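Read the structure below first, then the notes.
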Amino acid sequence: MGVAKLLFGLRTCQPHLMEDAISRLDDGLRKAIEDIVVGGGPFFGDLQWRLASLPMRLGGLGLFSARDVGAYAFVASRAQSWELQDHILRNGGVVGLDPDYQQALERLNVSLPDLDIGGFSNKDTAPSKPQKTLANALFSKIAQSLGEAFDLSPRQKAVFECLKGPHAQEFLTVIPIEGLGQCMSAVEYRTILKYRLMIPMYPEDETCPICRKACMDKYGEHAVHCKELPGAGISAKKEAPVNFLTDPTEGRSTLRPADLLVFGWGEHACVDLTGVSPLVGLKENGFLAGLAARKAESKKVDKHAKACAENQHVFIPFAFDTFGSLAPEAINFLTRVQRVIHSNCSTPRGQGFVFGRLGFAIQKGLAAQLVARLPSVLM
Ligand SMILES: [Zn+2]
């Protein structure tokens, strides 16, 4: 179920006639998402629904609500098909603006008072991609005012910024493939969604069941960076020993493996994976999404790039945070991998699947961390 069921109606009927249908569809959709995420449990409120129904690039789950789409669908559809209407109605004596469209424009002006919709009242000035223009304007406005609308705490604001990070939400588009290990259990997927939708999962002040040292916090911040791994945390599977990646401060081992050794990258390339939790030491002000991953990236470069270069290897830091946002070098690396894939096989509409698959792997690792510490009632 989704807004697609109602799209034709939203695009072709006057908005006020769709009110009832919009309410019903949204009630059902919200209930369905709530069932998937919390399975009858508490804490799925207006904020979670708002987040779920935002586009993915703005940190949402991309499950659009009929109310949002209904705000612009009719006007967009009319503006888009203006030429066609003129052609069909050329002998019917219908010219220019009709009251239906005028009314819909006025309604739109209420939802988007800051947007200049003057261009929409004339065929020659209407934007060439009206739906995109209006959807962008509406959702950007909603995302911008989310902080005030829901009186978000500093942590909530920070999480929202993280969710909007580059490629952070792309794992949502991935279709599970069991043979590649790219699948999650229902509990794992649900836990990831709860983490992202800021739903409390843990009893506060209970000892972490894995390390037995630290206290749990309700949103799972400790679970994310607890040093004890439950066997399947975020870690690289492929470890290739190279004899020059020694940490000079450790000094003992001369064989430190590169997380991943890539051949045919000009020179061979050592890829070093680093996952960080962006919310560690969150301050009241001055939180910058993506900063933790970028810092981790430059730290790794300082540490290893020289040794790699001296041994005719390229060093590639691959830093990401727990929300799946990637540091610039990681994006460059995957973009190149993606280009190679595209040039070797035809992937119609396969756009960006490399990022999605990688995002899924990160989230799967995170899910293992979180689920291992869940109280049994939530399993
Ligand atoms: Zn722990």
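Details
- Around the Cα centre of the chain, unit charges on the Cβ atoms of Lys, Arg, Asp and Glu (plus for the first two, minus for the last two) sum to a dipole of about 720 debye.
- Above-threshold pairs, the threshold being 31 Å between Cα atoms, out of Lys31/Lys218; Lys157/Lys364; Lys132/Lys364; Lys129/Lys295; Lys31/Lys129: Lys132/Lys364; Lys129/Lys295; Lys31/Lys129
- Between 0 and 90°, nearest 10: helix 328-344 axis offset from the chain longest Cα axis: 70 degrees
- For peptides 51-59, 121-129, 334-342, sequence by mean Cβ density within 10 Å, most packed first: 51-59, 334-342, 121-129
- Stretching Asp46 away from Lys31 to a fully extended chain increases their span by 4.2 nm, per 0.36 nm per residue minus the current alpha-carbon distance.
- Environment charge at Phe160 (Cβ cut-off 11 Å; Lys +1, Arg +1, Asp -1, Glu -1): +4
- Dipole-positive endmost among Pro55, Gln369, Pro42 within the chain (Cβ charges, Cα centre): Gln369
- Percentage relative contact order, the chain, counting C-alpha pairs under 8 Å, at least six apart: 16 percent
- Subtracting the Cα-Cα distance of Lys213 and Val337 from their residue separation scaled by 0.36 nm leaves 40.6 nm.
- Cα-projected label distance for Glu19 with Ala4, points at 7 Å along beta-carbon direction, nm: 3.0 nm
- Between helix 19-38 and the chain: long-axis angle, C-alpha atoms, 0 to 90°, nearest 10: 10 degrees
- Calculation over all alpha carbon pairs of the range 4-151 in 5 angstrom steps from 0 returns a P(r) of 2, 9, 17, 19, 19, 14, 9, 5, 3, 2, 1, 0 percent.
- Each peptide in 182-189, 291-298 receives the mean, over its residues, of other Cβ atoms within 10 Å, and ordering these scores from highest gives 291-298, 182-189.
- Compared with the dominant Cα axis of the chain, that is its longest principal axis, helix 130-144 is turned about 60°.
- Eligible aspartates and glutamates near Lys194 by straight Cα distance, threshold 18 Å, same-chain separation 8 or greater: Glu34, Asp35, Asp46, Glu161, Glu170, Glu204, Asp217, Glu221, Asp321
- Kirkwood hydrodynamic radius over Cα pairs of the chain, then Stokes diffusion coefficient at 37 °C and 0.692 mPa s, in µm²/s: 139 µm²/s
All of the numbers you see were taken from the coordinates with simple rules; none came from a lab. Keep in mind it's a predicted model, so treat the numbers as computed, not measured. Methodologically, a virtual Cβ is constructed for each residue, glycine included, from the backbone with ideal geometry; neighbour enumeration extends over all protein chains shown.
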